[in-house]
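Structure first, commentary second.
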Amino acid sequence: CNLTGWWENELGSKMQVFKVGNDGTFSGEYHTAVSSAEKPIQPSPLIGSQHLDEDGQCTFGFTVNWKKFSDSTAVFVGQCFKGDDDKEVLHTSWLLREKVGLEPDDWKATR
């Protein structure tokens, strides 16, 4: 699986991975289509790592810092699959951590 390039999810969010290094590290930008932030959405930096393997169905993870418009950070983990048409598809799960002002509100800070 080659993560380099543009990827789009079913909600219209887009991710661009600039280049995957020989050690599997990569960086890029995430262009989210959804947000509960009050400020306008802006492209956000991402940094990640890909497990390089032989069968092309790699696992990977990355962090997105929404610092340009929100006080939150998200982490994504996933795997690349090759479909019947030989097209690469990414399946991911994510956690989003929003900033809260007080420790007693910690319970509602992660989605």
In region 51-66, how many residues are more than 12 Å from residue 76 (Cβ to Cβ) and either part of a strand (DSSP E or B) or open to solvent by 60 Å² or more (accessible area, probe 1.4 Å) (or both)?
7
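Restricting attention to region 79-111, and to residues there that are in a loop (DSSP other than H, G, I, E, B) and more than 30 Å from residue 55 (Cβ to Cβ), which single residue is modelled with the highest pLDDT? Quick ask: steps written out before the conclusion?
Start the filter on region 79-111 by keeping residues that are in a loop (DSSP other than H, G, I, E, B), which leaves 83-87, 99-102, 109, 111.
In the following step, the residues that additionally are more than 30 Å from residue 55 (Cβ to Cβ) were identified as 99-102, 109, 111.
Numbers: 99: 90, 100: 92, 101: 93, 102: 96, 109: 93, 111: 89.
Checking each candidate, the answer is 102.
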Please work out which residue is least open to solvent (accessible area, probe 1.4 Å), limiting yourself to region 67-93 and to residues that are more than 16 Å from the chain's Cα centre (by Cα) and among the aromatic types (Phe, Trp, Tyr).
69
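The values are calculated or read from the model by the stated rules, or taken from the named source; none is laboratory data. Keep in mind that what you see is a predicted model, and the values were worked out from it rather than measured. Every residue, glycine among them, receives a Cβ derived from its backbone with ideal geometry; neighbour counts consider all protein chains shown. Remember, those area values only see protein heavy atoms, side chains included, never the ligands or the DNA or RNA. Shrake-Rupley method; radii C 1.70, N 1.55, O 1.52, S 1.80 Å.
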